[in-house]
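Since the structure comes first, as structure tokens, the remarks are kept for the end.
The values are calculated or read from the model by the stated rules, or taken from the named source; none is laboratory data. As the structure is a computational prediction, the values presented were derived from the model and not from experiment. A quick note on method: Cβ atoms are made from the backbone with ideal geometry, for glycine too, and the neighbour counts reach across all protein chains shown.
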Amino acid sequence: MSPFRLVYGKACHLSVKVEHKAYWDVKECNSGLGGAKIERKLQLVELECLRLEAYENSRLYKEKVKAVHDKYIKRREFTAGDQVLLYNSRLSLMPGKLRSRWDGPYVVEKVESYGVVHLSHPSSPTFFKVNGHRLKLYHGVKMKNNKELEIYLLKDPAREED
């Protein structure tokens, strides 16, 4: 097979003299195919070793980056009955200066492994699952009924000055 055909995939039509010289050159180049085969196999084995080493280095790098990232994550533990606020990530699409990014309060119904938390809203009986990293404890005033709320508003020192 001529070098032209190896490169371009089709035969080259040359004059007889040039074609004859090209045939002898190809024959001369292909005389040591046994050594070339061994050398090519060694190159392929070396390439495979380099690929495996690169894969191993990539895996080690990912583990180190994950360890650094996990070190800065705050561990939050919730128990059933806690009141929490849920981070609203959709506000980044339509930001507002005075809008809070936290919705709630929601009540924690159940905590599962790997940070999965079941939440329910006091006004609806259904619950939904969220990632525990999107939650924070709600430290608001816990009122049982409207009568306590009225008493709280009446005792407010800001209202007494009016």
Residue tally, condition part of a strand (DSSP E or B) and surrounded by 15 or more Cβ atoms within 10 Å (Cβ to Cβ), over the stretch 110-138: 9
For SER31: the one exception among (1) modelled with pLDDT under 65; (2) in a loop (DSSP other than H, G, I, E, B): (2)
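Does any residue of the stretch 46-69 turn out to be under 30 Å from HIS118 (Cβ atoms), surrounded by fewer than 10 Cβ atoms within 10 Å (Cβ to Cβ) and at pLDDT 85 or above?
Just the residues of the stretch 46-69 that are under 30 Å from HIS118 (Cβ atoms), to begin with: 66-67, 69.
Filter once more, so that each one left must be surrounded by fewer than 10 Cβ atoms within 10 Å (Cβ to Cβ): 67, 69.
Remaining after also requiring at pLDDT 85 or above: 67, 69.
The answer is yes; a qualifying residue exists.
Any residue at all in the stretch 60-72 that's under 26 Å from VAL108 (Cα atoms), outside any helix (DSSP H, G or I) and of a type in the set (D, E, K, R)? Explain how you work it out, then say what you get.
Narrowing the stretch 60-72 to residues under 26 Å from VAL108 (Cα atoms): 70-72.
Subset that is outside any helix (DSSP H, G or I): 72.
Those still in the list that are of a type in the set (D, E, K, R) too: none.
Within the stretch 60-72, not a single residue is under 26 Å from VAL108 (Cα atoms), outside any helix (DSSP H, G or I) and of a type in the set (D, E, K, R).
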